[in-house]
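One structure is given here, and the rest of the page talks about it.
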Amino acid sequence: MTQLGRHLVLLSVLLATATPSYAQAPVITVDGLTVHPIQYGELLFSTIVPDAPPLPDGSHGELWRFEGTAGDCAEITMRGELLDALLVLHYAAPVGDYIAVDDDSFGGMAAQILKRLPETGPYYIIATSAAGRPRTGDYWLRLRQVERCTTERLPIDD
């Protein structure tokens, strides 16, 4: 895997009708860490490699960045065939206090964060593997903006 990283970008969110296309995803460096860009509507395939430098918390994983707007409901999903997916969402900086974390809520070993974003600005996703499972391997990461966060209560009609 090159510094730019090869990511398979699916042009459609629906896997059944998606047209895959290979793209070079440019990376940026934030606080000395390599960060991959992702935007709403993208589904990206990547690999956590064993010889990659560890993240500040000692885990192996990848950092992703997107621009969010206060009030957006962001749906972040990660699934790997062998990885026990773990997602951590940070605002403004790739490390420090997190605003959401998830392990396995998307079924099996897949993770999903559904979060109403509190601020406008950069958000950072740590895509990694939970303890006790293989820490490296292939995975996909999807970022969508959805209308309603399912954690919100729906009005009850009387």
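Miscellaneous remarks
- Computed over the range 88-142, relative contact order equals 35 percent, with contacts defined as Cα pairs under 8 Å that lie 6+ residues apart.
- Solvent-free Debye calculation, one equal scatterer per alpha-carbon of the range 27-146: log10 I(q)/I(0) at 0.13, 0.14, 0.18, 0.20 Å⁻¹ equals -0.43, -0.51, -0.87, -1.09.
- As a proxy for reagent exposure, ranking 77, 47, 128 by other Cβ atoms within 10 Å from fewest up yields 47, 77, 128.
- Residue order, fewest to most surrounding Cβ atoms within 10 angstrom, among 116, 135: 116, 135
- Using the Cβ-Cβ distance between residue 92 and residue 144 with R0 set to 22 Å, the FRET efficiency works out to roughly 0.55.
- Among 80-93, 62-75, the order from most to least packed when residues are scored by Cβ within 10 Å on average: 80-93, 62-75
- What the Cβ-Cβ distance of residue 119 and residue 28 gives, at R0 = 22 Å and to the nearest 0.05, is a FRET efficiency of 0.65.
None of the figures in this text is laboratory data; all of them are computed from the coordinates on show. In this text the structure is predicted, and so the values were computed from the model without any measurement. For neighbour counting, all protein chains shown are included, and Cβ atoms are generated from backbone atoms with ideal geometry for every residue, glycine included.
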